[in-house]
Every structure is written in structure tokens, then in C-alpha cells.
Amino acid sequence: AQSVSQHNHHVILSEAASLELGCNYSYGGTVNLFWYVQYPGQHLQLLLKYFSGDPLVKGIKGFEAEFIKSKFSFNLRKPSVQWSDTAEYFCAVSPNTGFQKLVFGTGTRLLVSP
Amino acid sequence: DTAVSQTPKYLVTQMGNDKSIKCEQNLGHDTMYWYKQDSKKFLKIMFSYNNKELIINETVPNRFSPKSPDKAHLNLHINSLELGDSAVYFCASSQDLGQGAQETQYFGPGTRLLVL
């Protein structure tokens, strides 16, 4: 069975700081990878996804993530965060075969101070 | 023009009661899901239906019974509610593209269930 680890549970940054959130997964086969964001009191929204092709994926709101297959990692990055990026960030993985079954990491709570 | 909607948004009830949560999607997707998010924000899949057929059933107490009357709806009925059922329940939908091709899951706004 697949699993996802997000090592940073809480991250506090000042505006304009750079962000990198770690995500590692465990699965023996080919996977699809996702980052979702949950703003306070809201539902999950997709930031970006990787299915195949270029391992550097660009998403909405200036976020990007890089899939490094040898490290089983899919870290999320943003060069300069804003106060509005304060949210919970979830990495998720799904096998590339069969019906989609997302397995989520435990989430990283990001607080950006103005 | 809401893509995935859930009702109710909030649900407060007593232990032992039976309650239902409804989910509807207008995206034309053929696959729907229920997830549970606990107090620590951990999200875990509970069920998935494809074309009204159950395809994923994680280790969930049989007090939880999903029902899919059609492709656009997936309801969750919970019998004999317990304190530990308190959580946020998210519905999601996606389109199965076949042969391992997957489409993005779109999530509803969540139903906050509090069992007293």
C-alpha cells in the first residue's frame, strides 16, 4: 500500500520568504502526484499535479513542484510567499493504474506573517 | 454553478442518532468519493463509486453506508453515531478516463459533523 510523508507539520514564514515543503511517498509502482491546498474554512483545491512528462510542474498562484523519482519526492516550492498563502497544504499520491485512490499526507500548516 | 456541493454544511447531533449527508456534482463525472478529515486534519478515503458501483471500500465501520442513486449523487448514511465520528466529511468527484488514465479529483466544501 502506498503512503505519503510530509515532514514539516508547521511552517512559519515572513512575506517574501521562499517556501519549500517536503513530500515523500512510498509505492512500488508508477504514481500520479498532487498538491492540494485548504485555505482556512474552505475545501481542498488543486494546486498542481504530475501525471507524466516534465518532472517540474507549475501550478496556480506561482507554485511549482519537482518530481524526483529516485528520491520518491515531490516537493512544493514558491519563491516568494504572500500572507494569502496561509493555509494547510496536502501532498497526495495515487497509483497510475486502476481507479484513482488518493492517499494523503498529514498536511503542512503554513502561516505567513505580514 | 457549484461543481461539487454537499448538504448540510454543519451537522450537530446526539450519540446514537442516524444521519445522512448528501453530495451532488454537476461536472458530468462518473466517479465519486467520500473522505473523512479528522481533528488533526488527516484526510482518508472511505468509499468510491464509479457509475453507481462501489469500487473502493476502505476499512470503515458498517454503520457507514454510501448510496449512489445516480452518477451525479453520492450520499452517506451513518447509523448509531459515535463521538469518534465527529469530523469533516468531504465528497469529491473525478472522471475515469480508462486504462489507468486518471483525472483530477474535485472536492466539495465539506460537512462538519459534531456528535455530542
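Computed quantities for the displayed model
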| read-out | value |
| --- | --- |
| Residue within the range A:57-71 that is away from every other protein chain (no Cβ under 14 Å), in contact with a helix residue (DSSP H, G or I) (Cβ under 8 Å, 6 or more places away or on another chain) and not in a loop (DSSP other than H, G, I, E, B) present | yes |
| Of residues in the range A:98-114 being touching a residue at least 12 places away in the same chain (Cβ under 8 Å) and part of a loop (DSSP other than H, G, I, E, B), the one farthest from the other protein chains (Cβ to nearest Cβ) | A:PRO114 |
| Output for the range B:61-94, where each listed residue is of a type in the set (Lys, Arg) and either over 26 Å from B:LEU27 (Cα atoms) or within 11 Å of another protein chain (Cβ to nearest Cβ) (or both) | B:ARG63 |
| Test: residue in the range B:63-73 that is under 29 Å from A:ARG109 (Cβ atoms) and of a type in the set (A, V, I, L, M) | no |
| Qualifying strands (runs of 3 or more DSSP E) (wholly inside the range B:5-60; at least 3 residues being within 14 Å of chain A (Cβ to nearest Cβ) and open to solvent by 10 Å² or more (accessible area, probe 1.4 Å)) | B:43-50, B:53-57 |
| Index of the failed condition, A:LEU33 passing every other in (1) modelled with pLDDT under 95; (2) assigned to a loop (DSSP other than H, G, I, E, B); (3) open to solvent by less than 20 Å² (accessible area, probe 1.4 Å) | (2) |
| Which numbered condition A:PHE51 fails, given (1) open to solvent by 40 Å² or more (accessible area, probe 1.4 Å); (2) away from chain B (no Cβ under 12 Å) | (2) |
| Tally, over the range B:95-116, of residues that are within 14 Å of chain A (Cβ to nearest Cβ), β-branched (Val, Ile, Thr) and assigned to a strand (DSSP E or B) | 1 |
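The values are calculated or read from the model by the stated rules, or taken from the named source; none is laboratory data. None of the values given here were measured: they were computed from a predicted structure. Glycine gets a Cβ as well: all are built from the backbone with ideal geometry, and neighbour counts include every protein chain shown. All accessible areas refer to the heavy atoms of the entire protein, side chains included, with ligands and DNA or RNA removed. Shrake-Rupley method; radii C 1.70, N 1.55, O 1.52, S 1.80 Å.
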